[in-house]
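The next block holds one structure in the form of structure tokens; read it before the comments.
The values are calculated or read from the model by the stated rules, or taken from the named source; none is laboratory data. Since this is a predicted model, take the numbers as computed values, not measurements. Reconstructed Cβ throughout: ideal geometry from the backbone, glycine too, with neighbour counts over all protein chains shown.
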Amino acid sequence: MTSIISEGKTSTEAIEKGLKQLNVSKKDVNIKILEEEKRSFFSILDPKVVKVEITVREDAVRKSHKREEKEIQLSEAEFKKAEEKIKVFLESFISGVKEELTYAITLNNGIVEVEIKGKNAGFLIGYRGETLYAMQTLLTSIANRGTEERVLLRLDIENYKAKREKTLENLALRTAETVMKTGKTITLEPMQAYERKIIHSALQDNNKISTDSVGVEPRRRVVISLIK
């Protein structure tokens, strides 16, 4: 969860509630006061309600993910348990489709990596990887079922992520060049959190460019602008 609407009798109360729900500090979020209203038009005794939108900043999300991955230390025994559950699911899944698919499951730096290949495996990727990410979420849920340690899982299909990463890096560089030439801010199309991270990383060393994310999932977008 990276964005929520929180309510309170005052803006301070609404913000404190939202920060507690997101489990983040105030420096890691953007806050927008949405509205102040009475709960009832007919009763002046009803307390005022203040609504605020609290959005976790993209850089804070990235730092959290880095800490998360660093802390993951999956044991070999737990990996074997997760691997077996993933195998059972994939064997059943593959037997139910007409395409010939193969898969590999490995443990890399504490992260379970699943790779699916096949001549016509593209149907598992979907538009801009939507099906792939949905399947990754499903496999993560399956791998974590009944385990004592948390399992972090990454799925790739026909090397899609590597190809997409290169495409997004090129997009980031081209867009940054346009922004520097024109001075105009450019908002990219909605992207998955993983893809937004690639854009941010590609431009993090450019001291003339600023990147931020706006909107609410799944329509969250990267904004690329000139540092003034």
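When each of Ala193, Ala162 is tested for being out of contact with any helix residue (DSSP H, G or I) (no Cβ under 8 Å at 6 or more places or on another chain), among the hydrophobic types (A, V, I, L, M, F, W, C) and modelled with pLDDT under 90, the lone residue that passes is Ala162. For segment 92-116, a residue qualifies if it is charged (D, E, K, R) and closer than 16 Å to Gln136 by Cα, and the qualifying residues are Glu113, Glu115.
Once segment 72-101 is narrowed to residues that are part of a helix (DSSP H, G or I) and small (Gly, Ala, Ser), the residue that is nearest to the chain's Cα centre (by Cα) is Ala82. Taking the criterion of being under 17 Å from the mean Cα position of the chain (by Cα) and free of Cβ contacts under 8 Å to residues at least 60 places away in the same chain, the residues of segment 131-152 that qualify are Thr131, Leu132, Ala134, Met135, Gln136, Thr137, Leu138, Leu139, Thr140, Ser141.
When you look at Leu171, is it closer than 24 Å to Gln136 by Cα and among the aliphatic types (A, V, I, L, M), yes or no? No: the conditions fail for Leu171. For Ala202, are the conditions met, namely being surrounded by 18 or more Cβ atoms within 10 Å (Cβ to Cβ), of a type in the set (Gly, Ala, Ser) and within 27 Å of Ile54 (Cα to Cα)? Considered against the rule, which asks whether it is surrounded by 18 or more Cβ atoms within 10 Å (Cβ to Cβ), of a type in the set (Gly, Ala, Ser) and within 27 Å of Ile54 (Cα to Cα), Ala202 comes out as yes.
The condition of being under 21 Å from Ile105 (Cβ atoms) and not aromatic (Phe, Trp, Tyr) holds for only one of Ala176, Ala134, Ala172, that being Ala134. Given the criterion in a helix (DSSP H, G or I), buried (at least 19 other Cβ atoms within 10 Å of the Cβ) and either at pLDDT below 90 or β-branched (Val, Ile, Thr) (or both), identify the matching residue among Thr178, Thr131, Thr140. Step by step, each of Thr178, Thr131, Thr140 is checked, and only Thr140 is in a helix (DSSP H, G or I), buried (at least 19 other Cβ atoms within 10 Å of the Cβ) and either at pLDDT below 90 or β-branched (Val, Ile, Thr) (or both).
Matching residues to (1) touching a strand residue (DSSP E or B) at 6+ places or on another chain (Cβ under 8 Å); (2) at pLDDT below 90:
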site	(1), (2)
Val88	no, no
Gly96	no, yes
Thr102	yes, no
Thr106	yes, no
